[in-house]
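Encoded as structure tokens, the structure appears first; notes follow it.
The values are calculated or read from the model by the stated rules, or taken from the named source; none is laboratory data. Note that the coordinates shown come from a computational prediction; the quantities given were computed from them, not determined experimentally. Heads up, the Cβs are rebuilt from the backbone with ideal geometry, glycines too, and the neighbour counts pull from every protein chain shown. We work out accessible area using only protein heavy atoms, side chains counted, and drop any ligands, DNA or RNA first. Shrake-Rupley method; radii C 1.70, N 1.55, O 1.52, S 1.80 Å.
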Amino acid sequence: MGFRDGYVRWEEIERVARGWAAAHPECVQVTSIGKTAEGRDMLLLVIGREPERARPAAWIDGNMHATELAGSSVALAIAEDVIALHTKQKTIHGLPEHVCDRLRDTLFYVLPRMSPDGAEVVLREGRYVRSAPRDSRTHASAPRWKTGDVDGDGLALLMRKRDPNGDYVEAADMPGIMLPRTIEDAGPFYKVYSEGTIENFDGTIPQPSYLADNDADLNRNFPYAWAPEHEQVGSGRFALSEPESRAVVEFTSARPHIFAWLNLHTFGGCHIRPLGNAPDSKMDPSDRGVYNQIEAWGDEFTGYPTVSGYHEFLYEPDKPLRGDVTDYAYHQRGVLAYTTELWDLFAQLGIERKKPFVDHYRVLTRADLVKLAQWDKEKNRGRLFPAWRKANHPQLGEVEVGGVDIRVGMSNPPPEMLADICERHAKMFLRVAAMAPVLRADHVKTTALGGGWRVEIAVENRGYLPTNVLSSAKSLTLDARVFVHAEAKGCKLASDARVDAGHLEGWGRGLYDASTSIFHVRSRGSGSRRVVTFTGEGHGVLHVTASGLRVGAATVSVEV
């Protein structure tokens, strides 16, 4: 089993990554950006020749939520495709050769598994873990659930217990499938809990919580708009309290040349774009146009809708999620960032798209749940609904365990569908990565000035995106302007050695803003190009370097 047709353990990810680096040392490096609490390396693939040469870079991460294993597979598949472009293929995924050349000159940073500790527990035990299997909170002595194996089969799934006040019933025509109770149901009735025990048990059964015994949700722990636990569930003790989120921020904040960011999750079947904290009316119009282009690729290659984090993905109205990684990347780093929920289970069940999209997760009818059980039987080899088995619980007495295993079919696609998902999302993101700005410096002319000279250098951006990447990024303290520096060898400069070339536009406009109207077919002028001048005297060589934090450097040398 490989990562394109199954869900692999951390050791297999390490074997694959180090194998690529050993086979292709000229374009693949493996490093660790940090260690987890259990001592596992957070392995990062760096793909591109001359990896220390700063130039536009794309970041991909997967599996920050422990059960969402498909993100690791898609991240590795994108990495494998980029490696193939460097080693054996001129083109890939229907992209023309000049676009593939652009990708070959883009750095890729790929973090296949942001939460390796959590994923290991999920793969090994089936236990639900939001991000990492640890709890650093100091708890009161109140009862709380702790997930664990009750019947000794090595898995921690669900438990059910008959109870006249139970809120679930078994589906009459599909034995073993639990459905929310209605007033018409005659019983028997059940209480359903996560498989595990109750710490500080005093005879009362505590309210269940998906963070009962694993405190932090990594996607609430990033620094932008972070909020404490009483305002944002799962936020952690403080921003970047978790080693995984801290390692990601330390690495990425030291690399302003990262311009694109793909954050891979499951499930849902959608792409989630900024803004996450405000309506689209507050979004920079130029940024919105660029995201329109990404949305068009999403429609074409994945079939998934692109939704606003604020308008369509809030679990509570007017209550934005806090500490989100995409918000960090977009607002704090000025990066073209979006999240993908990889597995479109809703489409498999024939559920029409809801608006807002987040209603898919809560507005499910009994008929939908029955469809899920039928689909599992016919298309998923019955992986979702293992049989219930009797067990003796040390606190609750006789129970049944099993019932639902969310790992394959709900949290992740069946392995038989994984390769197609990998291919479709690689097709989309490689086009996003090809939007990188491209800095060029060219000699225009040299003019004699009495006993001296004047050299004109054209500095140009030939990429889709501007050198500042997003229009909104101009307001960041991260200074994305392009500067041109001249160094005289054997001659002498009379002018300033450093010239501010400002921000250089890209040729791309995104989609559907006023500048792309068919009623006004006009180019925007020469905003992508600046001509700078240096003067001096004597004979020698003038070395000129144009550079910017987001675009690396371009050089030209002129004999004078």
inquiry  = Run the numbers for residue 173 and residue 9: contour at 0.36 nm per residue of separation, minus the present Cα-Cα distance, in nm.
reply    = 55.3 nm
Correct choice for Cα extents along the principal axes in Å that was computed from the model, options [x] 102, 54, 46; [y] 101, 60, 59; [z] 80, 54, 51 = [x]
task = Please give the per residue accessible area of the stretch 324-429, computed with a probe of 1.4 Å over protein heavy atoms only, in Å².
result = 41 Å²
ask   = What angle, in degrees between 0 and 90 and rounded to the nearest 10, separates the Cα long axis of helix 116-125 from the longest principal axis of the Cα atoms of the chain?
value = 30 degrees
Which of 98, 119, 24, positive extreme of dipole for the stretch 1-159 (C-beta unit charges) = 98
ask   = To the nearest 20 debye, what is the magnitude of the charge dipole of the stretch 43-116 about its Cα centre, counting +1 on the Cβ of each Lys and Arg and -1 on the Cβ of each Asp and Glu?
value = 160 debye
message = Suppose a student asked you for the relative contact order of the chain, using Cα pairs under 8 Å spaced at least 6 residues apart; what percent would you report?
response = 15 percent
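Output the relative contact order of the stretch 65-119, whole-number percent, from Cα pairs under 8 angstrom with separation of 6+ residues.
With pairs under 8 Å counted, the relative contact order is 58 percent.
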remark   = Restricting to aspartates and glutamates and to Cα separations under 16 Å from residue 379, and discarding same-chain partners fewer than 8 apart, the set is 5, 344, 368, 405, 416, 420
remark   = Partner aspartates and glutamates whose C-alpha sits under 20 Å from that of residue 90, ignoring same-chain residues fewer than 8 away, are 26, 50, 80, 81, 101, 105, 423
key: Dipole axis of the stretch 293-410 (+1 Lys, Arg; -1 Asp, Glu on Cβ), positive-most option in 320, 357, 406   = 406
inquiry  = Just to verify a number: FRET efficiency for residue 500 and residue 18, C-beta to C-beta distance, R0 = 51 Å, to 0.05?
reply    = 0.70
task = Please check which bits of the stretch 165-180 a label hung off residue 349 would reach, taking the label as a point 7 Å along Cα-to-C-beta and the cut-off as backbone N under 18 Å.
result = 168-180
ask   = Rounded if a/c is under 1.5, else prolate if a/b beats b/c, else oblate: with a ≥ b ≥ c from the C-alpha gyration tensor eigenvalues square-rooted, which is the stretch 1-66?
value = prolate
query = Per the 1.4 Å probe, what fraction of the accessible area of the chain, in percent, lies on carbon and sulfur atoms?
reply = 50 percent
request  = About the Cα centre of the stretch 355-428, how large is the charge dipole given +1 on each Lys and Arg Cβ and -1 on each Asp and Glu Cβ? Please answer in debye to the nearest 20.
outcome  = 100 debye
key: Contour excess over end-to-end distance, with Cα ends at residue 524 and residue 390 and 0.36 nm allotted per residue   = 41.1 nm
query = Pulled fully out, how much extra length does the chain show between residue 201 and residue 253, if you take 0.36 nm times their separation in residues and subtract their Cα-Cα distance?
reply = 14.2 nm
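Using a simple charge model, +1 on the beta-carbon of Lys and Arg, -1 on the beta-carbon of Asp and Glu, nothing else, what dipole does the chain show about its Cα centre, in debye to the nearest 20?
1460 debye
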remark   = Rounded to the nearest 10 degrees, the helix 243-253 long axis (Cα) sits at an angle to the longest Cα principal axis of the chain of 20 degrees
